[in-house]
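Colleague: Submitted below is the structure of interest, expressed as C-alpha cells.
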Amino acid sequence: MASQDFDIDSLAAYLHLAPQQVARMADRGKLPGRKVSGHWRFTEAEIHHWLEDRIGLSDEEQLVQMESVLDRRSGARDEVVSIGKMLPLDAIAVPLQARTRGSVIGQMCDLAARTGLLWDAERMADAVRERENLHPTALDIGVALLHPRRPTPNLLAEPFLALGRTYQGIPFGGAQGELTDIFFLILSTDDRGHLRMLARLSRLLGDSVTLDGLRCCDDPVSTRDWIALREAELFGGL
C-alpha cells in the first residue's frame, strides 16, 4: 500500500469512525476510493478533498467535531488555529479595489505577495483560478474562501491568510446568484493545515455578528482587531 493511501482500518482510525461504517460508506459511493485486489484503498489527497467539501456543508456542531478529528490527527492539540494571528496587516485590503471575479483573484494574490510570504503571485493566481473553475468557493453569506486545489509549499514562506472586502458585491459564482463582498485567500503548506484553517474560518464566519462587524470595519487594523475579538468571544482565549 502506498504511503499516502488508507485502507479501511487506517481510514477509520483517521476519521474516528468504526471500520464497518467506513466500509458501508465506501460501498455506497459516499467516500472517494477504489478497490485494489478486492480491497478498498483511499488516497490521502482524495480524502482531504472530501473533508473540504464536508466542511463547507457542516453546521457548528459538525465543524467542532471536524476540528477535533483534524487536531488529533495532526498531533497539534495544543496549537490552536487563530485566524487573527494568521492574518498579517499587510494582507488585508479594505476596500479591495476590484470589480470582477478575475480582478479579485489577481488583487488578492498581489495583496498576499506584498507580505513577502508568497513568492509568486502570478502562479498562485493561476492555481486559484483553476480551483474556482472546478468549483466556486463563494458561499451564500457573501463570502468566498479562495484557495488553490492543493497546498503550495514551494510558493510560501509559511501558511497565512489574506482578506479583502469590496464595498459593493461582485458576482463570484454563488449557487443562487448571491453577490460576494468578503474574500479570504487561504494559503497553506500542507493538507491538514489547510483543513484546520478552513474549519476554524468556517466556524467564525458562521456567526452573523462577526460578518456584520466585518462589513463595518473600514481599515486593516480595525478588521483584524474585530476578528481577534470575535475569536476570543466565540472560542475562548487564544
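Read the figures in this text as sums done on the coordinates, not as results from a lab. Note that this is a predicted model, so its numbers are computed, not measured. Don't worry about glycine lacking a Cβ; one is built from the backbone with ideal geometry, like all the others, and counts go over all protein chains shown.
Colleague: For a test of the definition: using alpha carbon positions, the gyration tensor, and the 1.5 limit on a/c, classify the range 114-238 as rounded, prolate or oblate.
Modeller: Note, shape of the range 114-238 comes out oblate.
Colleague: Another question about this same structure. Taking the highest mean first, how do the peptides 199-205, 22-28 order by number of other beta carbon atoms within 10 angstrom per residue?
Modeller: Per-residue Cβ counts within 10 Å, averaged per peptide and sorted highest first, yield 199-205, 22-28.
Colleague: What dipole magnitude, in Debye to the nearest 20, does the chain give about its Cα centre under +1 on Lys/Arg Cβ and -1 on Asp/Glu Cβ?
Modeller: Using Cβ point charges on Lys, Arg, Asp and Glu, the chain gives about 520 debye.
Colleague: Under 16 Å from a label point 7 Å along Cα→Cβ of ARG114: give me every residue in the range 152-172 with its amide N that close.
Modeller: Once the point is set 7 Å along Cα→Cβ of ARG114, 161-167 turn out to lie under 16 Å by backbone N, inside the range 152-172.
Colleague: How big, in percent, is the set of alpha carbon pairs in the chain lying more than 21 Å apart?
Modeller: More than 21 Å apart: 58 percent of the Cα pairs in the chain.
Colleague: For every other residue with a beta carbon closer than 11 angstrom to the beta carbon of THR166, add +1 if it is Lys or Arg and -1 if Asp or Glu, then tell me the sum.
Modeller: Net charge around THR166: +2.
Colleague: What base-10 log of the normalised intensity I(q)/I(0) is obtained for the range 85-176 from the Debye formula, alpha carbons as equal point scatterers, at q = 0.13 Å⁻¹?
Modeller: -0.40
Colleague: Which residue, ALA157, ALA113, ALA144, tops the fluctuation ranking in a GNM of the chain built on C-alpha contacts under 10 Å?
Modeller: The residue that fluctuates most here is ALA157.
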